[in-house]
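Student: One structure follows; several queries about it will come next.
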Amino acid sequence: MSQDISLSLLASSISSRDTHLFVNIINDVWGPQINQAQGYVPLTAEIMKERLNSGHAFFAAYAQPDKDQLEYLIAKYPQYDFAGEIPCGIMETIQLKTGGDINKTKLTYDELTNKGHWSRIKDETDTIIFVDITANSSFPVKGTGKKILEAGKRYVDNNPYLKLALTYSPDDDGSRWLHLNYMGAELSDIVIPQARPWYKIKDVRFTIYRKP
């Protein structure tokens, strides 16, 4: 049976439980694939709060766990209250001023994200980058990634000041499959070598969402 997914544009006022669960979601998925000797710093609740306070858009998906999922979550994270809907995914974004020049977004992950801390959003942005989409590996809900991307696209379409939307995708077919095959993005020729030196796929290639 499919589970209903609700979507939220996160604010810094989210609960302590959800802040820590988003930290766990990101670390559980990215941590095993990362070479920490290359300078990657695991996400903490304090850094997560810095990101949420930056003014950039963070899209979250929530769902109600079934009985088996709830038992698993309670056993894995006994310190949290699992009443209500539980986070099942997140998309982190950053906005820039580019004037439509994609080459101005040729930044490494550390340059783009202020080494993972996110800098305060600037005035007069015109470009949004979908930096990372991360689904909850401890609470998988079918369709999470697609729902979050749809919310991101609606956000772009509903904000006239945003002229360009890009994804900061690892340069491999699997990472950009959803964008190209389901969401109508275009593959760009912009490659950023060694964009994530600590990740198993170090290069990034943008995909582009065109506004209707």
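Values quoted throughout were computed directly from the atomic coordinates according to the rules given, and no laboratory measurement underlies them. Keep in mind it's a predicted model, so treat the numbers as computed, not measured. Quick reminder, even Gly has a Cβ in these numbers, built from the backbone with ideal geometry, and neighbours come from all protein chains shown.
Student: Along the Cα-to-C-beta direction of N114, a point sits 7 Å from the Cα; which residues of the stretch 45-61 have their amide N less than 17 Å from that point?
Tutor: Of the residues in the stretch 45-61, 45-58 have backbone N under 17 Å from the label point off N114.
Student: May I ask you to derive the relative contact order of the stretch 93-212, considering only C-alpha pairs under 8 Å and at least 6 residues apart, and to give it as an integer percent?
Tutor: It rounds to 27 percent for the stretch 93-212.
Student: So, by mean Cβ neighbours within 10 angstrom, what's the order for 73-83, 90-100 with the highest one leading?
Tutor: 90-100, 73-83
Student: If you wrap a convex hull around the alpha carbons of the chain, what volume per residue comes out, as a whole number of Å³?
Tutor: Hull volume normalised by residue count: 125 Å³.
Student: In whole Å, largest first, what are the principal axis extents of the Cα atoms in the stretch 68-157?
Tutor: Cα spread of the stretch 68-157 along its principal axes, largest to smallest: 49, 28, 20 Å.
Student: Per the Kirkwood formula on distinct C-alpha pairs, the Rh of the stretch 21-106 is how many angstrom?
Tutor: Roughly 15.6 Å, rounded to one decimal.
Student: Residue by residue, what Karplus-based ³J(HN,Hα) values in Hz, rounded to whole numbers, does the stretch 163-172 have, using 6.51, -1.76 and 1.60 with θ = phi - 60° and x for Gly and Pro?
Tutor: Computed from phi, the couplings for the stretch 163-172 are 9, 8, 10, 10, 10, 8, 8, x, 7, 8 Hz.
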